[in-house]
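The values are calculated or read from the model by the stated rules, or taken from the named source; none is laboratory data. These figures come from a predicted structure and were not determined experimentally. All Cβ positions, even for glycine, are placed from backbone atoms using ideal geometry, and neighbour counts span all protein chains on display.
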């Protein structure tokens with residue numbers, strides 16, 4: 001019997017730094033992929049990317065895209081995004097980058113929340129859910 005869950009593990013995004021998967025494919029009806037929160041870590045160096053919030057947002061979305069690619073999905077297959085910021089004043093700049101990277105119709109459902117702190121002291125984290133072969 002095959003498991004209806006499949007872990008995604010790729011070098012196209014940073015390795016998990018805790019007890020979680022980079023992403024999970026759920027095989028039940030429509031295939032879904034659940035991508036764990038990504039922060040602005042460079043997958044090659046394992047180091048945090050430096051720069052303004054726009055630069056950090058691009059890196060985070062690149063990391064989401066890497067996990068999605070390994071599952072067979074793209075940003076166009078994303079149905080939900082969670083945005084976590086330590087400063088909601090960054091939201092406009094994050095939204096500017098987000099709008100350039102997430103395109104199509106319909107756009108993903110999304111939530112954005114301000115949090116007190118994020119892993120490794122970063123200012124942004126995104127996670128998402130996608131449907132594969134939709």
- Note on the structure: Filtering region 83-92 down to residues that are more than 19 Å from residue 41 (Cα to Cα) and either surrounded by 15 or more Cβ atoms within 10 Å (Cβ to Cβ) or in contact (Cβ under 8 Å) with a residue 40 or more places away in the chain (or both) yields 91
- Message: residue 99 - would you say it is without any contact (Cβ under 8 Å) to a residue 12 or more places away in the chain, under 15 Å from the mean Cα position of the chain (by Cα) and either closer than 21 Å to residue 23 by Cα or surrounded by fewer than 20 Cβ atoms within 10 Å (Cβ to Cβ) (or both)?
- Response: yes
- Note on the structure: Cβ pairs under 6 Å, 6+ apart or interchain, first in region 51-80 and closer than 21 Å to residue 17 by Cβ, second assigned to a helix (DSSP H, G or I), ordered by first then second residue, are 57/94; 57/97; 58/97; 61/101; 65/75
- Could you list, in sequence order, all residues of region 60-82 that are at negative phi and surrounded by fewer than 22 Cβ atoms within 10 Å (Cβ to Cβ)? 62, 65, 66, 69, 70, 74, 75, 76, 77, 79, 80, 82
- Message: Given the criteria modelled with pLDDT under 95, farther than 20 Å from residue 115 by Cα, in contact with a helix residue (DSSP H, G or I) (Cβ under 6 Å, 6 or more places away or on another chain) and surrounded by fewer than 20 Cβ atoms within 10 Å (Cβ to Cβ), does residue 2 qualify?
- Response: no
- Would you be able to say whether some residue in region 32-53 is in a helix (DSSP H, G or I) and modelled with pLDDT of 95 or more? yes
- Any hit, region 21-30, residues being within 11 Å of the chain's Cα centre (by Cα), assigned to a helix (DSSP H, G or I) and either farther than 27 Å from residue 105 by Cα or without any contact (Cβ under 8 Å) to a residue 60 or more places away in the chain (or both): no
- Task: Return the total of residues in region 85-134 being out of contact with any strand residue (DSSP E or B) (no Cβ under 8 Å at 6 or more places or on another chain), closer than 22 Å to residue 73 by Cα and assigned to a loop (DSSP other than H, G, I, E, B).
- Result: 5
- Of the residues in region 13-25, those that are surrounded by fewer than 16 Cβ atoms within 10 Å (Cβ to Cβ) and either out of contact with any helix residue (DSSP H, G or I) (no Cβ under 9 Å at 6 or more places or on another chain) or at pLDDT 80 or above (or both) come to 15, 16, 19, 20
- Message: Could you check region 108-130 and list, in sequence order, the residues that are surrounded by fewer than 17 Cβ atoms within 10 Å (Cβ to Cβ), touching a helix residue (DSSP H, G or I) at 6+ places or on another chain (Cβ under 9 Å) and either free of Cβ contacts under 8 Å to residues at least 24 places away in the same chain or within 18 Å of residue 62 (Cα to Cα) (or both)?
- Response: 110
- Message: For region 118-130, check the following and say yes or no: at least one residue is at pLDDT 95 or above, over 14 Å from the mean Cα position of the chain (by Cα) and more than 27 Å from residue 9 (Cβ to Cβ).
- Response: no
